[in-house]
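Engineer: Below: one structure in structure tokens.
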Amino acid sequence: MAEEKKVAEKEEKKTVEKEEKKVIQKKKVKGKTWFKIHAPKIFNERDIGETIGNDSDSIKGRILSLPLSEVTGDITKHYIKIGLKIVDVKGIEAYTEPIDYNISRQYFSRLVRRRSSKIEVINDVKLKDEQTFRIKTVVVTAYKADSRQKSSLHRAVHKEMEKRASQLDFPSLIIAFSTGKIQKEIGEIVRKIFPLKTIEVRKVELHRIKKGTEKIDKKEPETEEAPVEETEETA
């Protein structure tokens, strides 16, 4: 009986050693280390995956692109992608911050149908944290809109987006877009002009002005509209 107990203990020890060896092999591949990636603070620093590198410095600045559903745990946000950048590493824990947000054009192609219109509105907004981001908003109407109505919708969305986005820093802006808060607020105002099917933020990215392209115009108009892209699908 004692002999059997010794054999069982020996086998158990071997099993534990094998498991420990597997972990070590996973954590170190030819001198490299696996780092655990965490979502930004605004998403409660959820564990969202792993990445491999030589050391902490080798993974700092690394860019990731993930469905928002994986970052938040909300499966209804699978059609939204968010860009994350690794900005800090403590031990094997890597922490990120958001750098962009986008929805694929294919998602909108399913929304635009016969007798509806699509309007794209572009805002270059200086946020509360002094960074300038380009925000691309898409408005899909419930019915076909004429040129006058499209122009009115464009002006209203451009104005309301500028007003709301400029009051937030980038992390807060991403949260607001992720929850649909800003889109809902703007939609409630714009629907008074013309019935809407939906209003979505298609893309948010850091706006980089090329050197030498800045324009200075003392007689700048009071109101300047961003380009409008309109699409009617007959499918």
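The values are calculated or read from the model by the stated rules, or taken from the named source; none is laboratory data. Being a predicted model, the structure only gives us computed values, none of them experimental. Note: ideal-geometry Cβ built from the backbone for every residue, glycine included; neighbour counts use all protein chains shown.
Engineer: Restricting attention to the stretch 42-66, which residues are closer than 22 Å to PRO171 by Cβ, touching a Phe, Trp or Tyr at 6+ places or on another chain (Cβ under 8 Å) and not acidic (Asp, Glu)? If you could, list the steps in order and put the result at the bottom.
Structural biologist: Just the residues of the stretch 42-66 that are closer than 22 Å to PRO171 by Cβ, to begin with: 42-49, 51, 59-66.
Still in the running and touching a Phe, Trp or Tyr at 6+ places or on another chain (Cβ under 8 Å): 45, 51, 59.
THR51, ILE59, listed by residue number.
Engineer: Checking GLU120 against (1) farther than 30 Å from LYS60 by Cβ; (2) modelled with pLDDT under 90; (3) of a type in the set (Asp, Glu), only one condition comes out false. Which one?
Structural biologist: (2)
Residues are listed down the side, and each one gets a yes or a no for (1) free of Cβ contacts under 8 Å to residues at least 12 places away in the same chain; (2) of a type in the set (A, V, I, L, M, F, W, C):
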{"site": "ILE48", "(1), (2)": "no, yes"}
{"site": "LYS60", "(1), (2)": "no, no"}
{"site": "ASP74", "(1), (2)": "yes, no"}
{"site": "GLU97", "(1), (2)": "no, no"}
{"site": "LYS126", "(1), (2)": "no, no"}
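Engineer: Within the stretch 131-156, can you find the residues that are among the acidic types (Asp, Glu) and either surrounded by 19 or more Cβ atoms within 10 Å (Cβ to Cβ) or within 18 Å of the chain's Cα centre (by Cα) (or both)?
Structural biologist: Correct list: empty.
Engineer: Assuming LYS128 fulfils every condition listed in (1) assigned to a loop (DSSP other than H, G, I, E, B); (2) surrounded by fewer than 13 Cβ atoms within 10 Å (Cβ to Cβ) apart from one, which condition is it?
Structural biologist: It fails just one condition, (2).
Conditions (1) in a helix (DSSP H, G or I); (2) assigned by TED's automatic domain parsing to the domain that holds LEU206, marked per residue:
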| residue | (1), (2) |
| --- | --- |
| THR76 | yes, no |
| GLY83 | no, no |
| GLU97 | no, no |
| ARG113 | no, yes |
| VAL140 | no, yes |
| LYS144 | no, yes |
| GLN149 | yes, yes |
| SER152 | yes, yes |
| VAL157 | yes, yes |
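Engineer: Now a separate question. Just wondering, is there one or more residues in the stretch 80-100 that are surrounded by 15 or more Cβ atoms within 10 Å (Cβ to Cβ), under 30 Å from HIS154 (Cα atoms) and aromatic (Phe, Trp, Tyr)?
Structural biologist: no
Engineer: For the stretch 49-71, state whether one or more residues are modelled with pLDDT of 90 or more, on the phi > 0 side of the Ramachandran plot and among the acidic types (Asp, Glu).
Structural biologist: no
Engineer: Name the single residue that is modelled with the lowest pLDDT among those in the stretch 159-201 being hydroxyl-bearing (Ser, Thr, Tyr), touching a Leu at 6+ places or on another chain (Cβ under 9 Å) and part of a helix (DSSP H, G or I).
Structural biologist: Out of the qualifying residues, it is SER178.
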